[in-house]
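Taken together, the values in this text are just the output of simple stated rules run on the coordinates, not laboratory data. Not measured: the values here are computed from a predicted model. Cβ sites come from the backbone with ideal geometry, for glycine too, and all protein chains shown count toward neighbours.
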Amino acid sequence: MSDLRVLTPVDDTPVPVGPTVLGMSMSAEARVVDGWLERELEVPAGLDGPAGILQGGFATGVAIAAARAVDRIDAPLTSLDARLFAPTPLDTTLTIRVRPTDVTARYEVETRHGEQTLVAATVELAGHDPAPRVYDLLELATVPIPPGRTDSPFPHCFVCGGDPRHEHALGILPAWAGEGRISQPWVAEEVLGDERGVVDPLLVSAVLDCPTVWSAWHEVEANGWEGALLGHYHVRFFGDAPVMEPLRTVARLDGVDGRKVRARGALVDEDGVVYATSSGLHIGVAQLPCGD
């Protein structure tokens, strides 16, 4: 397919997906199949959401690296939009494939396990959006930092778990600033950024998933669910978040309709700078999947 950039690798060294300390990578070799550029995607252990399952923001955010690998312009990331059809297993080899759409700088990306599509995403690489007007989320960046909760059904979660399995797990414990409102401090390690000292967008996708489900936790408990799983996820990017600087991940519950939970989140700083926003649709479940 003429619109796909297929580079002949210098060697067979895998291509990192996100910061190298995460351990995710794509194969250097790529093949064109039915108009898709396909690579193998290695997903290591330790990047849990639910135990043994790839954290939702990671599962969707890997699409960014696949789109970057074929984009010719290298403009800043605009947005990520993804639907999740099945949990992504850890410690396994998957297929990730990408193709351009009819819209300039927009790419379709899928991750697959055998014949099963796990995630279908659209990535836009057209430059950062203008700063959003999300005053209700910005307010949460200025409240006193509430205490975090260590007790959760996601103890091994890379982002929010109190007993994670990865040495660079974030430990952003869920913290409520009132019912349906989350405000959590975060300082990203240098190893989670790039040579410019900014947080890798894969990490931004990850940290904006967990707080949206936590914002609805009173509803999860009231309905007797064990948890809620990400079904649809949208992230928009407005700037590059710095490493080693105080940030907040914040979220607000928008509503619950049956088992559908809708919430919005943002990565902000205490000066009112918005680096990214998210909206998540989570589905309440009686029992969480377990890949262990």
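Odds and ends about this structure:
- Sparsely packed loop sites in the stretch 49-121 (the trypsin sites (Lys or Arg not before Pro) outside DSSP H, G, I, E and B with at most 16 other Cβ atoms within 10 Å) comprise Arg72.
- Cα radius of gyration and Dmax for the stretch 112-221 (Å): 16.0, 48
- The equivalent ellipsoid of the stretch 137-196 has semi-axes of 22, 18, 7 Å, largest first, where each one is the square root of 5 times an eigenvalue of the Cα gyration tensor.
- The equivalent ellipsoid of the stretch 102-177 has semi-axes of 31, 25, 10 Å, largest first, where each one is the square root of 5 times an eigenvalue of the Cα gyration tensor.
- Reported value for the stretch 183-230: 81 Å³ per residue, from the convex hull of its C-alpha atoms.
- Note on the stretch 240-282: the C-alpha convex hull projects to 3.3 nm² when averaged across all orientations.
- For the stretch 114-215, GluC sites (Glu not before Pro) are listed when DSSP marks them as loop and at most 15 other Cβ atoms sit within 10 Å of their Cβ; the list is Glu115, Glu167, Glu179, Glu189, Glu195.
- A Stokes-Einstein calculation at 20 °C with viscosity 1.002 mPa s, built on the Kirkwood radius of the stretch 182-273 over Cα pairs, returns a diffusion coefficient of 151 µm²/s.
- Note on the chain: Cα-Cα pairs beyond 26 Å make up 39% of the total pair count.
- Each Cα pair of the stretch 18-161 feeds into the Kirkwood radius, which the Stokes-Einstein equation turns, at 10 °C and 1.306 mPa s, into a diffusion coefficient of 95 µm²/s.
- Spatially, the stretch 53-100 and the stretch 216-292 are offset by 18 Å when compared through their Cα centroids.
- Normalising the average separation of contacting C-alpha pairs (under 8 angstrom, six or more residues apart) by the number of residues puts the relative contact order of the chain at 18 percent.
- Tilt relative to the chain, helix 56-68 - C-alpha long axis, 0 to 90 degrees, to 10: 30 degrees
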